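Peer 1: My questions all concern the structure below.
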Amino acid sequence: MDATTPTSVPATAPATVPALEAVGIGKRFGPVVANQGVDLRVERGEIHALLGENGAGKSTLVNILFGLYHADEGEVRVAGTPVQMDSPRDAIAHRIGMVHQHFQLVPVLTVAENIVLGDEPTHRRGLLDLDRAADEVVELATRYGLEVDPRATVEDLPVGMQQRVEILRALYRQADVLILDEPTAVLTPQETDQLLEVLRGLAADGVAIVFITHKLREVMALADRVTVMRGGRVVGTTAPSETDEAGLAEMMVGRSVVLRVAKTEARPTDAVLEVRDLHVHDSRGRPAVDGLSLEVRAGEILGIAGVEGNGQRELVEALTGLRHAHGGTVLLGGDDITNATPRTISERGVAHVPEDREKHGLVGPHSIADNLVLNRYFRSPYARRGIRHAAAVDEEARRLVADFDVRTASIASPARSLSGGNKQKVIAARELSQGARLLVAAQPTRGIDVGSIEFVHQQMVAQRDEGVAVLLVSAELDEILSLSDRIGVIFKGRLVAVADAGTLERTAIGRMMTGGADAD
Amino acid sequence: MSEPTNLLYRYRWWFFTALALVLFTLWTAEFQEAQTTAVLAATLRQSTPLVLGALCGILGERSGVINIGIEGQMLLSAFAGFLAASSSGDLLVGVATGVAVGMLMGAFLAFLSVSMQGDQIIAGTVLNISAMGITSFFFQQGRTLPSGKTSPIELGPLSDLPVLGRVFFSNRPLTYLTLLLVPVLWYGLFRTTWGLRTRAVGEHPSAAETVGVSVAGMRYLNLILGGGLAGLAGAYLSLESVGSFERLMTNGRGFVALAVMIFGRWNPVGAWGAALLFGYANAVQTQFQFRGWLTDDPQFVGMIPFVVTIVVVAGFVGRARPPAAIGQPYSRE
């Protein structure tokens, strides 16, 4: 592969021919209509946001554009010419590159191996030239400001770095169109800013960028144009300059949405959770929480802001009994619950909305009803002397599904069949329905749709108003700022600052999150 | 990709074990040269079908398909190879037939597990049971090889070296071929585009698919190539080792080959070392019984290979990490 810049636009290129165009795309999965009559038009050098809630059909559309799914009807045109897309191989041949939501990288291979896979430089026929691969990766990385070590093994890299590898892989194949499926869902605010910068650079270079997201802020900050999808159809295409966040949210959800959480002044009373000098190790045995102390009072929300990987996960797991604390004490209403079992802690009134809802929040193959009583299935009336009472479980499940607006055809469906937002509602319903004193919520709105976010936020505020102590851990600074009564910033396993929400500026928190000057 | 020093360190226990065995052997060779030579030659003989079987397993699993049908592939190939050689009178025809039958069975396994998306364990079991049934049903007593089994090829002056000459340079053709295949496949897996794609498909098939590598294509290719290796192992048994076909003559070697593959951490060179260890333990045991040593308690001598297995598994191997995608049928939508 030569090192010229195929991504730059020839000066003579007519601006009227879109780089990529989808016309009347339709796609069904069995009875489910994922896409219907979808039109999308992406110009060269344009950053085109594809906005919609989870399940709106965005991912289906781009998977069709990338040849992973076959459209039932409609046509894909590249630079004005209709093309047949039967596999990613075809898409790559038409210079379409994709950065997948779940990274498509082989963890045990090196960065260079992953990037050249399928289009490898060789000495002779079939004999890999890994040195040349590494050189080409370094050259590409330098050209686009995406520095990465070509000989590092992918599984050792942080998430943001892995995403760079995915972008480089598309650029290595000389992509003219780059599709990114929810690229910021897994990134820290800093990594997100870096990514947006890179994308602007690529667009300036003439690359057409399709950017899938459900985060309105990113659309407003980045996109030249935005196409909004709902229920498998395109609602409309507009430009951020012609609308605002509320307008986009309304297009996306189909009704007006409350973006700021309405809440009154907190009336905190006694301390419910007291953590003193807590020490917790991470899975590799290194200190992750390093002498942390905090206090959460009844009737307040304490938000923990911080870049992921600064001990938040270990803190939450230690509080909920999922991880052994090596030192310090955890008091719940004055009682020592340090290193108690998860069930004891749950029984004492600690509700937990875990960070990884698939892994720690739900038993995917089990029914929604069973998942709704997961913290009390062993108690009367759900079971007597070890024999389960399905009728009681179903009755409770029906009540909770109605109360918490879980959208499902049946309470007997497996929990994994739910969308992300509905999974989170199931967890919230289970955890909040047995009279909690403390709610520990980790990344409670990660990867869920706007309607569900609104619901989860309202629930958390409602719990607070009922006198529950709420500990919110989130990598979304906006979420921390809009919900918290007090904010703590965690850095390297310690709280570097705790202050009332009104007294901290967004930028100051950002600096402290990365160990900046204010950290002292 | 590991640097050489890193490799030395990672496989230090293998090197220590190998060194200890070599020193022990040299020591015994001082006063028991005949026995030492016999044991080492037997080690190589015993290890050959295990190495080939393990290489078959490695190709399959590196591309993401568990092959527990190696036993069946070996057995049917041994049978078909013997039948072809005894009726044509040409050993080469026999070997080619054995390899072809192995490849056909590999293709059938690929059809069941890749195209039909069937359970890979069941698909492999199908191969084993059909091979047992077919070979037992068509088995004919009294068939012989008109040309006899393959004859040793002495590699000129090398074969005159003490001990080593008899062990390494006076072997029969398929043994040489196996010794050649080990480095060739190692190089193929870690230094060619075929190897990179094979490993990618076995670790993360959808990642390979998104860069235009055909998952089904790579799996078919590797299962067919691997089938050829298992076929070679079968041909080795009937045409080079024994010189005739006997009922169920593979005697579990296809399954031991899977253990060898895991011992060798899915690496051809590692599998070769592991197979040598198995072969060595077997050879020592045979030699003890042959010489009539320790015959008061023959059970203890018979235990040697198993004790070695346990010690190696428990002490030296550590945690082996299989390819991530093995056992899962892949489909795009």
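The values are calculated or read from the model by the stated rules, or taken from the named source; none is laboratory data. Note that the structure is a prediction, hence the values are computed from the model and not measured. Because the Cβ atoms are built from the backbone with ideal geometry, glycine has one as well, and the counts that use them run over all protein chains shown. Remember, those area values only see protein heavy atoms, side chains included, never the ligands or the DNA or RNA. Shrake-Rupley method; radii C 1.70, N 1.55, O 1.52, S 1.80 Å.
Peer 1: Region A:264-318 to region A:79-152: how many Å between their Cα centroids?
Peer 2: Centre-to-centre distance over Cα atoms comes out at 42 Å.
Peer 1: Just from its helices, what would the mean residue ellipticity at 222 nm be for chain B, if runs of 4 or more DSSP H residues each count -39500 (n - 2.57) and the sum is divided by every residue, rounded to the nearest 500 deg cm²/dmol?
Peer 2: -22500 deg cm²/dmol
Peer 1: Roughly how crowded by other chains is peptide B:198-210, in terms of the mean Cβ count from those chains within 10 Å of each of its Cβ atoms?
Peer 2: Taking all residues of B:198-210 together, the mean is 6.
Peer 1: Give me the net charge of residue A:268's neighbourhood, meaning all other residues with Cβ under 15 Å from the Cβ of residue A:268; Lys, Arg count +1, Asp, Glu -1.
Peer 2: Every neighbour counted, the sum reads -3.
Peer 1: Over region A:20-253, calculate the relative contact order: mean separation of alpha carbon pairs under 8 Å at least 6 apart, over the residue count, as a percent.
Peer 2: 30 percent
Peer 1: Return one whole number: the accessible area per residue of region A:251-374 in Å², for a 1.4 Å probe.
Peer 2: For region A:251-374, the solvent-accessible area averages 46 Å² per residue.
Peer 1: Where both partners of a DSSP beta bridge lie in the protein assembly as shown, what percent of those bridges are antiparallel, to the nearest 5?
Peer 2: 55 percent
Peer 1: Shifting gears a bit: What number, in percent, do you get for the relative contact order of chain A if the mean sequence gap of Cα pairs under 8 Å and at least 6 apart is divided by its residue count?
Peer 2: Result for chain A is 15 percent.
Peer 1: Apply the Karplus curve 6.51 cos²θ - 1.76 cosθ + 1.60, θ = phi - 60°, to the phi angles in region A:33-43 and return the couplings in whole Hz, x for Gly and Pro.
Peer 2: Those phi angles translate into 8, 8, 9, 9, x, 8, 10, 9, 9, 10, 8 Hz.
Peer 1: Here is a follow-up. Averaged across A:65-76, how many Cβ atoms of other chains sit within 10 Å of each residue's Cβ atom?
Peer 2: 1
Peer 1: Also: Shielding of A:86-96 by partners, i.e. mean partner chain Cβ atoms within 10 Å per residue?
Peer 2: Rounded to a whole number, the mean comes out at 2.
Peer 1: Let me ask something else. Just the accessible area per residue of region B:21-319, please: how many Å² with a 1.4 Å probe?
Peer 2: 42 Å²
Peer 1: On the accessible surface of chain A, probed at 1.4 Å, how many percent belong to carbon and sulfur atoms?
Peer 2: The value for chain A is 48 percent carbon and sulfur by accessible area.
Peer 1: Here is a follow-up. So for chain B, averaging the separation of alpha carbon pairs under 8 Å that are six or more residues apart and normalising by length, what relative contact order in percent results?
Peer 2: It rounds to 33 percent for chain B.
Peer 1: Let me ask something else about it. Per residue of chain A, what 222 nm ellipticity follows from adding -39500 (n - 2.57) for every DSSP H run with n ≥ 4, rounded to the nearest 500?
Peer 2: That calculation yields -9000 deg cm²/dmol at 222 nm.
Peer 1: Taking only the alpha carbons of region B:21-319, what extent do you get along each of the three principal axes, in Å, biggest first?
Peer 2: Extents along the principal axes, in whole Å: 62, 47, 42.
Peer 1: Still on this structure, I have one more. Could you tell me the convex hull volume per residue, in Å³, taken over the Cα atoms of region A:20-253?
Peer 2: Dividing the Cα hull volume of region A:20-253 by its residue count gives 125 Å³.
Peer 1: Please list, in order along region B:186-197, the HN-Hα scalar couplings obtained from phi with the Karplus expression 6.51 cos²θ - 1.76 cosθ + 1.60 (θ = phi - 60°), rounded to whole Hz, x for Gly and Pro.
Peer 2: Working through the residues one at a time gives 4, 4, x, 5, 10, 10, 10, 5, 4, x, 4, 5 Hz.
Peer 1: Let me ask another. Which far-off residues, 5 or more places away or on another chain, put their amide H under 5 Å from the one on residue A:179, with H placed in the peptide plane?
Peer 2: A:97, A:98, A:99, A:210
Peer 1: Would you kindly calculate the translational diffusion coefficient of region B:147-216, applying Stokes-Einstein with the Kirkwood radius from alpha carbon pairs, for 4 °C and a viscosity of 1.567 mPa s, and quote it in µm² s⁻¹ without decimals?
Peer 2: Estimated diffusion coefficient is 86 µm²/s.
Peer 1: Provide the convex hull volume over Cα atoms per residue for region B:1-98, in Å³.
Peer 2: Dividing the Cα hull volume of region B:1-98 by its residue count gives 161 Å³.
Peer 1: For every other residue with a beta carbon closer than 13 angstrom to the beta carbon of residue B:288, add +1 if it is Lys or Arg and -1 if Asp or Glu, then tell me the sum.
Peer 2: Net charge in that neighbourhood comes out at -1.
Peer 1: Regarding the protein assembly as shown, what whole-number volume in Å³ per residue does the convex hull of its Cα atoms give?
Peer 2: Dividing the Cα hull volume of the protein assembly as shown by its residues yields 225 Å³.
Peer 1: Starting from the amide H of residue A:375, placed 1.01 Å from N in the peptide plane, find each other amide H under 5 Å away whose residue is 5 or more places distant or on another chain.
Peer 2: none
Peer 1: Here's a follow-up. Using the Cβ atoms and a cut-off under 12 Å, what net charge is assigned to the surroundings of residue B:267, where Lys and Arg are +1 and Asp and Glu are -1?
Peer 2: Residues near residue B:267 contribute +4 overall.
Peer 1: Can I ask one more? Might you tell me the accessible area per residue for region A:417-464, computed with a 1.4 Å probe and given in Å²?
Peer 2: About 23 Å² of surface per residue is accessible.
Peer 1: Please find, in a Gaussian network model of chain B (springs between Cα atoms separated by less than 10 Å), the residue of B:179, B:155, B:52 whose mean-square fluctuation is greatest.
Peer 2: Greatest mean-square fluctuation among the candidates belongs to B:155.
Peer 1: For the pairing of chain B with chain A, what total accessible surface becomes buried, with a 1.4 angstrom probe, in square angstrom to the nearest 100?
Peer 2: 2300 Å²
Peer 1: Starting from 0 in steps of 5 Å, tell me what percent of the Cα-Cα pairs of region B:69-117 lands in each bin.
Peer 2: 5, 26, 23, 19, 12, 8, 5, 2, 0
Peer 1: Which residues of region B:153-193 bury at least 20 Å² of accessible area once all protein chains are present, versus their chain alone (1.4 Å probe)?
Peer 2: Buried by the other chains: B:187, B:191, B:192, B:193.
Peer 1: Which far-off residues, 5 or more places away or on another chain, put their amide H under 5 Å from the one on residue A:323, with H placed in the peptide plane?
Peer 2: HN-HN under 5 Å from residue A:323: A:318.
Peer 1: Of all the accessible heavy-atom surface of region B:21-319, with the other protein chains kept in place and a 1.4 Å probe, what percent is carbon and sulfur?
Peer 2: In region B:21-319, the share of accessible area belonging to carbon and sulfur is 69 percent.
Peer 1: Which percent of Cα pairs goes in each bin when the distances of region A:357-486 are cut into 10 angstrom slices starting at zero?
Peer 2: 12, 43, 33, 10, 1
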